[in-house]
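Trainee: Mind looking over this structure? Questions follow.
The values are calculated or read from the model by the stated rules, or taken from the named source; none is laboratory data. From a predicted model like this one, the values you see are computed outputs, not experimental measurements. Neighbour counts are summed over all protein chains in view; Cβ atoms, including those assigned to glycine, are modelled from backbone coordinates with ideal geometry. The accessibility values were calculated without ligands, DNA or RNA, using every heavy atom of the protein model including side chains. Shrake-Rupley method; radii C 1.70, N 1.55, O 1.52, S 1.80 Å.
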Amino acid sequence: DIPKEEAQRRSAEVLALFELQTKANSNIRELSGGMKRRLMLARALINNPRIIVMDEPTVGLDPQARHLVWRKLSELKSQGVTQLLCTQNMEEAAVLCDRVAIMHQGRILNISAPKDLIQKYAGDMVWEIDVLPETRDTIVRELQSYKLEFEDFDGRIHVFHADSDERIKGLIVSFPGKVRRRTATLEDVFLRLTGRSLIE
């Protein structure tokens, strides 16, 4: 029910929004997979919705296209458009969402702002230790004696909430094996809540 002239104006706007204006006269079969994905999002905006429901909107996109879509969705959010997003990409959830619901086997395990979930379940930084089989038990006992939160999975130990005490940092760095320190992410939260084993 959009008048023809208005439909044409809006079409041009949403094509430009997703940098598809040069393909305005192309057959959809001529578009790449990434362009088709962007076109689906453009089409969803033609009626100026106040709410958009998306299922993995950037799956299959190359990094440039993914960041373009993230930027445009962030712009829409700043204009008051509510977005409900289902994604397995934890970086995408952290970038786009004000609140995240971590779900597992049909149940919501926790809902909060991404930064709050990260702080609660992982802290600021995560230590990763590639342990040698012969030293694994000793390292685990040491971590337990310091009452540290950690996960031991498949030859690698992840230590959480361990940045507040210099003694703990010294302990971790002293372990035999390869030790890395990195920023905690929403993926750490997801894996802590749902486990690291595959469930089909």
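Trainee: Scan the stretch 49-84 for residues that are under 19 Å from LEU39 (Cβ atoms), in a loop (DSSP other than H, G, I, E, B) and either under 18 Å from the mean Cα position of the chain (by Cα) or of a type in the set (D, E, K, R) (or both) and jot them down.
Mentor: Across the stretch 49-84, the qualifying residues are GLU56, PRO57, THR58, VAL59, GLY60, LEU61, ASP62.
Trainee: Would you call LEU76 within 30 Å of LEU193 (Cβ to Cβ), in contact with a Gly (Cβ under 9 Å, 6 or more places away or on another chain) and hydrophobic (A, V, I, L, M, F, W, C)?
Mentor: Spelling it out, it is not the case that LEU76 is within 30 Å of LEU193 (Cβ to Cβ), in contact with a Gly (Cβ under 9 Å, 6 or more places away or on another chain) and hydrophobic (A, V, I, L, M, F, W, C).
Trainee: Name, by its number, the condition in (1) part of a helix (DSSP H, G or I); (2) free of Cβ contacts under 8 Å to residues at least 40 places away in the same chain; (3) within 25 Å of VAL179 (Cβ to Cβ); (4) open to solvent by 50 Å² or more (accessible area, probe 1.4 Å) that does not hold for GLU91.
Mentor: Result: GLU91 fails condition (2) only.
Trainee: Checking LYS72 against (1) farther than 24 Å from LEU20 by Cβ; (2) open to solvent by less than 50 Å² (accessible area, probe 1.4 Å); (3) among the charged types (D, E, K, R), which single condition isn't satisfied?
Mentor: Condition (1) is where LYS72 drops out.
Trainee: Identify all residues within the stretch 131-179 that are open to solvent by less than 90 Å² (accessible area, probe 1.4 Å), touching a strand residue (DSSP E or B) at 6+ places or on another chain (Cβ under 7 Å) and part of a strand (DSSP E or B); write none if there are none.
Mentor: Matches in the stretch 131-179: GLU149, PHE150, GLU151, ARG156, ILE157, HIS158, VAL159, PHE160, VAL179.
Trainee: Further question: Out of all the residues in the stretch 173-180, is one or more among the basic types (Lys, Arg), under 25 Å from ALA93 (Cα atoms) and within 21 Å of the chain's Cα centre (by Cα)?
Mentor: no
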